[in-house]
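Structure first, then comments.
Throughout, read-outs are computed from the coordinates displayed, never taken from laboratory work. Because the structure is a prediction, the values reported are computed rather than measured. We place every Cβ from the backbone using ideal geometry, glycine too, and count neighbours over all the protein chains shown.
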Amino acid sequence: MRYFITFAFDGTRYHGWQVQPNADSVQARLNDALSKLLPVPTQCVGAGRTDTGVHAAKMVAHFDTDRELDTTDFAFRLNRIVPEDIAIDSVKRVPDSLHARFDAIRRTYHYFVYTHKHPFRRHYAHRLPFMPDYEKMNAAAEILLSVEDFTSFSKLNNDQKTNICDVSVAKWVQVEEDYWRFEITANRFLRNMVRAIVGTLLEVGRGRMSIDEFRAVIAARNRCSAGESVAGNALFLVDVEY
């Protein structure tokens, strides 16, 4: 029987979602908790990978077991085992064929930025040393809606079979006077893609890159032509849709 876990996590002290040798990860912590509650060692499969330090307001993973579970009680007990920086929202039974990663049709990320020094935003938003032109960055971001190949924003030597993505939302939204977020929704994301896009858009916003040059970066299909990736601590996975 297959079950979906919906949960959130603070990625500050984790080396991303995926299990890896000699490094702590969110997946490893969930696997450990599941294996303590179920009769056999159990591994979960996530909706996608997140980089080191990246957070999730909503993440989904599935696991299989031959036991029929009281999902409310199981979620409660799972929450008692996982660390305080991981919070289980729900556990629910799903069809055995439903896959947390391959059946997700859309994922949404938010990236937060601010300019004035703020002691409570520094851990979860990226402070900019300049005031960007958000109108110009939104004009550049709109171009992404008609792009298919995102090679220029993909980590070099990645293990993806294709760099084709369908981006349906890409825009900067003002949260407060000095607090903005970049919202992006796509059917899939490449490794480092959002952070590379944000870094390149900020080059546009500070006047170092024109809209035409932004188009040329995309057309080049070369990661070296794009801007630097921004820090991961300000990036949140906020939704996964099926």
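Structural remarks
- Mean projected area in nm² (Cα convex hull; one quarter of hull surface) for segment 19-129: 9.1
- Candidate lysines for bridging to LYS136, where Cα separation is under 20 Å - those fewer than 8 sequence places away on the same chain excluded: LYS171
- Inter-centroid distance (Cα atoms) of segment 38-113 relative to segment 195-224, Å: 34
- Cα-based shape type of segment 1-65, given that a ≥ b ≥ c are square roots of the gyration tensor eigenvalues and the cut on a/c is 1.5: oblate
- Taking the convex hull of Cα positions in segment 109-237, its mean projected area over all directions (nm²): 7.3
- The overall shape of segment 112-185, judged from the alpha-carbon gyration tensor, is prolate: a/c is not under 1.5, and a/b is greater than b/c.
- Positive minus negative residues near LYS58 (Lys, Arg vs Asp, Glu; Cβ under 9 Å): -2
- Under 16 Å from the ARG127 label point (7 Å along Cα→beta-carbon), backbone N, segment 157-196: 178-180
- Helix 71-81 and the long axis of the chain differ in direction by around 70°, with both axes built from C-alpha atoms.
- With respect to the chain, whose longest principal axis is taken over its alpha-carbon atoms, helix 193-205 is tilted by about 20°.
- SER90, SER146 arranged by Cβ crowding within 10 Å, fewest neighbours leading: SER146, SER90
- Calculated over the chain: convex hull of Cα atoms, volume per residue (Å³): 131
- Shape category assigned to segment 54-184 from the gyration tensor of Cα positions, a/c cut at 1.5: oblate
- Segment 130-151 and segment 159-179 have their alpha-carbon centroids 9 Å apart.
- Helix 134-143 and the longest principal axis of the C-alpha atoms of the chain enclose an angle of approximately 70°.
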